[in-house]
Amino acid sequence: MKHHIETLIAAALSGLEASGTLPHGHGAAINVDHTKSKEHGDFACNIALMLAKSARVKPHALAEIIVKALPTSDKVVKIEIAGPGFINFFLAAGAYHSVVREILSRREAFGHSTLGAGRAVQVEFVSANPTGPLHVGHGRGAAYGASLANLLDAAGFKVHREYYINDAGRQMDILATSVWLRYLELCGEKFDFPSNGYKGDYVYDIGATLHRENGAKYRHPAAKVFENVPADEPKGGDKEAHIDALIERAKSLLGVADYRKVFDLGLTVILDDIRQDLGEFGVTYDRWFSERALVEDGAAERAIERLRKSGHVYEKDGALWFRSTDYGDEKDRVVVRENGQKTYFAHDIAYHMDKLERGYDRVIDIWGADHHGYVPRVKAALAAIGDDAEKLHVLLVQFAILHQGGERMQMSTRSGEFVTLRELRREVGNDAARFFYVLRKCEQHMDFDLDLAKSQSNDNPVFYVHYAHARIYSVFRQLKEKGLTHDPANGDRHLDRLMEAHELALIQKLARYPEVLEAAALSYEPHQLAHYLRELAYDFHTYYGAHTFLVEDAALRDARLNLIVATRQVIANGLKLLGVSTPETM
């Protein structure tokens, strides 16, 4: 109906332009919104206020002119001008009935649009370091990113989903060294494990695999490993210097080839686990992009060279620095260290350069909220090399805090004491996790109540929506038990029988689904869809409690069954976009 009103207004404006009442090419967008109160009708438009200056007519007077030029419509029973020039539209009671017909015709495609016009959008999300299993914080980014990508796809964008594998940095060296040290313990070596190493059980498991498959091949005496290594923090030293020295010792004792085998074993095992975990969570990607590929194909070096040519880098203390202070940063940033190694920041510049070179109209990065200070730095670097930094949109996801029994649960990856995404999924199920994760804006803190997520009550939003979907299936089981049949064609002919207040409210809510999808996609807010589904479920449950569907009057019965089938379809469409299942029974 919103589109119908927009069409009426567009026709009126076109006629007024042709008559010379309005200037040609005024460029004002037609904004039609739902009214906040039924006293002001169903829809309102502010076009008269937008055009008054260019038309040189007072807004209220222009609104009167526009109203007189509007084509007639049997769906509009009254039009009023309110305030300084708002045009309010009052719809006929049965104006929305055609939406039931449209839903039953378009089925899974209902709500999809061509708004994006096929423009290419890349969505990169999760991209957790492959140094351990995914935790519940990664889970929120996964659910949010996957849902957003689905919404953009439904809105007509050409979406590419990508995971960036951080497989070339210091954290991966810490993992490889941690695996090797656990392997040495299994070989019988005795030493204090570094406080800054990775300590989770998964590191033991990878070390055990290394030992089982290679025996003592990579064994070196602990005395040799720790000889002249700076003291660790518990012994009054620096934990960072301690682990860095152990990394260098591992590389020197093992040699390039053997160190790479240990490194790759840790990477492969954990990355395979991440792929499986996300796949089971319903999250898939079009590409897994390796950070190492940026080095191997020369992209990192090309990015540095573009910075050199632009004059935005300089040498100091043997290192190469990016003049990020020219773009408002608090200090300049190193892109190449004094030892010749490129920094993580340099690789990030190269990665985003590569993204834009692939021709995307928009690049969306979904990062943890702790990266907020990193955003202007990356945009500055893109601007410095001559790329369009405005194409990059970074969305920050706040951490999800788990609560159970009124108690806050803690996690810490390095210490190994954390709640994994897999554990959460096993505890509450994929559906509850996917739905709960997108109930709030991504930038808002989230308290994930495990007890609520597992409860079978109306307070649990995913249960409530699932129950509506399953309840509709139960109506058709009852229909069969009564020896009755559903005639959709007969129901379509008698949609005008659906005039009860609950029916009209439900139909109007169904009609808003396409608007919700577009708004959620354009604002990057999947929570809009989640809340809409909960509201739609409420309207259905209310309707279910107030009226009997399987009445003797076949025309009314079939019309009501058409309505609830349409409701079931919209619920299913919405849940699919959020990665949530659609049960037929509860």
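The values are calculated or read from the model by the stated rules, or taken from the named source; none is laboratory data. Not measured: the values here are computed from a predicted model. All Cβ positions, glycine included, derive from the backbone under ideal geometry; neighbour counts span all protein chains shown. Remember, those area values only see protein heavy atoms, side chains included, never the ligands or the DNA or RNA. Shrake-Rupley method; radii C 1.70, N 1.55, O 1.52, S 1.80 Å.
Things to note:
- In summary, Asn339 fulfils each of the numbered conditions (1) in a loop (DSSP other than H, G, I, E, B); (2) free of Cβ contacts under 8 Å to residues at least 40 places away in the same chain; (3) open to solvent by less than 50 Å² (accessible area, probe 1.4 Å); (4) not charged (D, E, K, R) with the single exception of condition (3).
- Remark: Leu49 matches the filter, which requires a residue to be open to solvent by 50 Å² or more (accessible area, probe 1.4 Å), at pLDDT 90 or above and in a helix (DSSP H, G or I).
- Flag if Lys331 is at pLDDT 95 or above and either at negative phi or not in a helix (DSSP H, G or I) (or both): no
- Summed over the stretch 295-318, the residues that are surrounded by 15 or more Cβ atoms within 10 Å (Cβ to Cβ) and in a strand (DSSP E or B) give a count of 1.
- When Leu294 is tested against (1) modelled with pLDDT of 95 or more; (2) touching a helix residue (DSSP H, G or I) at 6+ places or on another chain (Cβ under 6 Å), exactly one condition is not met: (1).
- Counted residues, the stretch 93-127 - those being surrounded by 15 or more Cβ atoms within 10 Å (Cβ to Cβ) and of a type in the set (Ser, Thr, Tyr): 4
- The stretch 90-140, residues that are of a type in the set (Gly, Ala, Ser) and over 30 Å from Ala168 (Cα atoms): Ala92, Ala93, Gly94, Ala95, Ser98, Ser105, Ala109, Gly111, Ser113, Gly116, Ala117, Gly118
- The combined condition, being open to solvent by less than 30 Å² (accessible area, probe 1.4 Å), assigned to a loop (DSSP other than H, G, I, E, B), of a type in the set (A, V, I, L, M, F, W, C) and modelled with pLDDT of 95 or more, is not fulfilled by Leu395.
- Index of the failed condition, Gln122 passing every other in (1) in contact with a Lys or Arg (Cβ under 8 Å, 6 or more places away or on another chain); (2) within 30 Å of Ala176 (Cα to Cα); (3) of a type in the set (S, T, N, Q): (2)
- Residue pairs meeting the criteria (Cβ under 7 Å; at least 6 apart or on separate chains; first more than 14 Å from Leu563 (Cβ to Cβ), in the stretch 484-497; second surrounded by 14 or more Cβ atoms within 10 Å (Cβ to Cβ) and of a type in the set (A, V, I, L, M, F, W, C)): Leu484/Leu550
- One residue alone among Val100, Val67 is modelled with pLDDT of 95 or more, in a helix (DSSP H, G or I) and farther than 25 Å from Leu517 by Cβ, and that residue is Val67.
- Taken across the stretch 236-252, residues that are of a type in the set (Val, Ile, Thr) and either open to solvent by 40 Å² or more (accessible area, probe 1.4 Å) or under 30 Å from Tyr437 (Cα atoms) (or both) do not occur at all.
- Test: residue in the stretch 346-353 that is surrounded by fewer than 16 Cβ atoms within 10 Å (Cβ to Cβ) and among the hydroxyl-bearing types (Ser, Thr, Tyr): no
- Test result for Arg477, among the charged types (D, E, K, R), closer than 24 Å to Asn573 by Cβ and either surrounded by fewer than 16 Cβ atoms within 10 Å (Cβ to Cβ) or under 24 Å from the mean Cα position of the chain (by Cα) (or both): yes
- For the stretch 20-37, the condition of being closer than 19 Å to Lys78 by Cα and touching a His at 6+ places or on another chain (Cβ under 9 Å) holds for at least one residue.
- Leading residue by the ranking (most open to solvent (accessible area, probe 1.4 Å)) among those in the stretch 428-474 that are of a type in the set (Lys, Arg) and within 18 Å of the chain's Cα centre (by Cα): Arg440
- The residues of the stretch 107-151 that are charged (D, E, K, R) and in a loop (DSSP other than H, G, I, E, B) amount to a single one, Arg119.
- Tally of residues being within 22 Å of Tyr202 (Cα to Cα) and open to solvent by 10 Å² or more (accessible area, probe 1.4 Å) across the stretch 132-164: 4
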